[in-house]
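Laboratory data are not the source of any read-out in this text; all were calculated from the coordinates shown. Quick caveat, the model's predicted, so the values are computed rather than measured.
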Amino acid sequence: MKGAGTEAGMPESSCLVGSWLVGRKNPMQVVMSETVALAEDGYLQVTAYEDGYVILPGTRSGAGLPPDRAALLDAILGREGELRLRREPGPPASFRGTRISLAQIQESVTKAARERGYLARPYYVLFSMAIAVLSGGFLMWRGNTSTAFLLCMAAALLGTWSFREAHISKAGAAEQRRLLALQDSLRRPSRPAHPEGETSLGYRLLPWATLLLDGEDYGRWYADNLLDVELPRWWGQEADGQDPTLRFVSQEGMKGLLHSLLHHVGP
């Protein structure tokens, strides 16, 4: 969509991996954005009722999804293959749910980032570890056990640090730049012209706007791009006489859905 991110500038990663690359640390935004992305990509279907929501599998199978997206999709649908949500008045004050584990999602994000080549292998650290160990062995052979012990300890600490910290590779840095460029583009005011009868391309950007924008920026982007277009194909709701597009963005619509889902998120 011109004015809100072009096809060439679209990120290649999921919202989950993208959140790590740009340092978005709010788990609520991360879970909400990827949930919308899964729905927009055809993996989820949602129906809103008077007192809640039902999330069902979409038209596409989750087979072949990267581990991060597959983990969230499996957690949402669960063994039952669906999720029925009572409408909550707002997001939870803390994460106490048992259905979606943030720890498991984080583990899957690391795996997905590694598979995409976004994690750098710290060869310089491994080389330093090898030198320290070899030097320690030589000094121990020469009888200098105290210095050898210190070198081996330093090697162990280097190893612990290198495997604990996540280092972004060149490919990861390139994706990070795409994400930051998209964020800047989304922040700029725009009112694109949508061909008559065409579902807005803005819904493809909705997950990224949910992840990358806060407060007034998100509200302005949504008003510019989605208030006057058809509802997304993955959304259904019972008619109640209200303007369906205004209802969709309210607590009775998508906002309420995502807030209600967050009540099922835990450590």
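Any chance you could run the full-extension gain for ARG233 through THR59? It's 0.36 nm times the residue separation minus the Cα-Cα distance, nm to one decimal.
Working: separation 174, 0.36 × 174 = 62.64 nm, distance 1.07 nm.
Gain in length upon complete extension: 61.6 nm.
Once the chain from LYS255 to ARG86 is taken as fully extended at 0.36 nm per residue, the excess over their C-alpha distance is 59.5 nm.
Estimated translational diffusion coefficient (Stokes-Einstein, Kirkwood radius over Cα pairs, 37 °C, 0.692 mPa s) of the range 1-118: 213 µm² per second. Judged by the gyration tensor of its Cα atoms, with axes a ≥ b ≥ c, the range 69-123 is prolate; a/c meets the 1.5 cut and a/b is the larger of a/b and b/c. The stretch between LEU180 and THR47 holds 44.6 nm of extra length on full extension. This uses 0.36 nm per residue minus the Cα-Cα distance.
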